[in-house]
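The values are calculated or read from the model by the stated rules, or taken from the named source; none is laboratory data. The model shown is predicted, which means the values in this text are computed figures rather than measured ones. A quick note on method: Cβ atoms are made from the backbone with ideal geometry, for glycine too, and the neighbour counts reach across all protein chains shown.
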Amino acid sequence: MDNNIRFGFGMLRLPVINGVNSDVDIPKVCELVDEYLKSGYNYFDTSFVYHGGHSEEATRKAVVERHPRDSFTITSKLPTGRITSRENAEEIFNRQLKNCGVEYFDYYLLHNTKGYLYDRIIEPLELFGFIAEKKAEGKIKSIGFSFHDCPEDLDRILTAHPEVDFVQIVLNYYDWTSCWVRSKECYEVIRKHGKKVIIMEPVKAGMLAHPPKTLEEKMRKLEPEMSPASWAFRFTAGLDGVIAILSGMNTLSQVRENTKLFKNLRPLTGEETQMLIDSADDYREMGPLGMRNFSEYRGIAENGMPVECILEAYNAIKIQNGIGAFAIADNNYYEGARYRAGINGCSESWIDRPIIDRSGNDITEMVREAEKALLY
């Protein structure tokens, strides 16, 4: 296990006032930031779009204006889906520097890269070239992109753009082999290209902190004092080439718990690693559909949309919602699936006929309910 891995503070789920996502509670964020820095970590991950466009401002007020520049690392992202021209990219980038109150970004990413954004916006506007230019100007130290799509598209992008330093992906033991996220395959593609990895959603929005009873019993038998969340961090920290692991924290107790457990991580054994990977079916069984896997729907693809993946993603979203988590990862992959199926936009239904499973059962309403949870 690499002791140089940064434990990153994701500025995505900050405390807010009266439940308004864009109204960040700055005094509380300052408390979290100070506690986090006191623990010895210093990696802050923000974005132009987080918290309704106010995360970068919150980062400036809580971090940049209160601590020396050499005491922290700032990462932000270009909102690729909103870019209309190179001039527009330049204007937003300069605004981000001002928002964050810095002269350079330590890490900078093309945000939420997926096949259709790559084909329609990123390549036509040469946005990889844009961030490479900013790196050459000294305004970015390391360039990369965050990715929410299939490993085939990831391989295509990295083949075309060897100039990037790293890729940020969703990676956790539940999604290691999940139908859409396919963390294992995406991780292997990145390492094949010799790039570093930044991990987001290591505890899948908190879902892996609430394991099924069978898994929790195994965990406690092996490590009585170790929390379920620490098992999730151990899984990601044991991977080669990882430079940072991100966690969204919005309470002091979360900051204290996560920084403490991250300092005391021990490598997983091969048997422990496999135990976590094999537990995915136990998690799925906790969902509203009560199924251990969705392979019986494999190959059913009405209008090009894979029913197996749709139902599995819906089930995972509902598990996360059940613990009060803000699930976002699974929805991102739905956009890519619609693009590959030739369906434009993410607001209209693609279901225009009954969907029948291999046993002759009409599962249209079940799939329609899943579609509602995945639509933006």
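Which condition number in (1) surrounded by fewer than 16 Cβ atoms within 10 Å (Cβ to Cβ); (2) under 19 Å from LYS196 (Cα atoms) is the one that LYS114 fails?
Every listed condition holds for LYS114 apart from (1).
Among the residues that make up region 261-282, is at least one of them among the charged types (D, E, K, R) and not in a helix (DSSP H, G or I)? Please lay out each step first, then the result.
If we filter region 261-282 for residues that are among the charged types (D, E, K, R), which is where we start, we get 263, 266, 271-272, 278, 281-282.
Okay, now just the ones that are also not in a helix (DSSP H, G or I), so 266.
Yes.
Look at SER230 and say whether it is touching a helix residue (DSSP H, G or I) at 6+ places or on another chain (Cβ under 7 Å), buried (at least 17 other Cβ atoms within 10 Å of the Cβ) and hydroxyl-bearing (Ser, Thr, Tyr).
Working: touching a helix residue (DSSP H, G or I) at 6+ places or on another chain (Cβ under 7 Å): yes; buried (at least 17 other Cβ atoms within 10 Å of the Cβ): yes; hydroxyl-bearing (Ser, Thr, Tyr): yes.
Answer is yes for this residue.
Going by what's in this entry, would LYS134 be described as assigned to a helix (DSSP H, G or I) and more than 25 Å from ARG340 (Cα to Cα)?
When the stated conditions are applied, LYS134 passes them.
Within region 163-180, is there a residue that is buried (at least 16 other Cβ atoms within 10 Å of the Cβ), free of Cβ contacts under 8 Å to residues at least 40 places away in the same chain and either assigned by TED's automatic domain parsing to the domain that holds GLY336 or in a helix (DSSP H, G or I) (or both)?
No.
Has region 85-102 got any residue that is buried (at least 19 other Cβ atoms within 10 Å of the Cβ) and basic (Lys, Arg)?
Within region 85-102, none of the residues are buried (at least 19 other Cβ atoms within 10 Å of the Cβ) and basic (Lys, Arg).
Could you count how many residues in region 17-42 are within 11 Å of ASN250 (Cα to Cα) and either among the basic types (Lys, Arg) or in contact (Cβ under 8 Å) with a residue 40 or more places away in the chain (or both)?
3
Only one of TYR297, TYR339 is modelled with pLDDT under 95, crowded, with 18+ Cβ neighbours inside 10 Å and over 23 Å from TYR50 (Cα atoms); which? I'd like the intermediate steps shown before the answer.
Numbers: TYR297 fails: modelled with pLDDT under 95.
Of TYR297, TYR339, the one residue that is modelled with pLDDT under 95, crowded, with 18+ Cβ neighbours inside 10 Å and over 23 Å from TYR50 (Cα atoms) is TYR339.
Which residue out of ASP23, ASP45, ASP70, ASP34 is charged (D, E, K, R), loosely packed, with under 13 Cβ neighbours inside 10 Å and at pLDDT 95 or above? Explain how you work it out, then say what you get.
Details: ASP23 fails: loosely packed, with under 13 Cβ neighbours inside 10 Å; ASP45 fails: loosely packed, with under 13 Cβ neighbours inside 10 Å; ASP34 fails: loosely packed, with under 13 Cβ neighbours inside 10 Å.
None of the others qualify; the one that does is ASP70.
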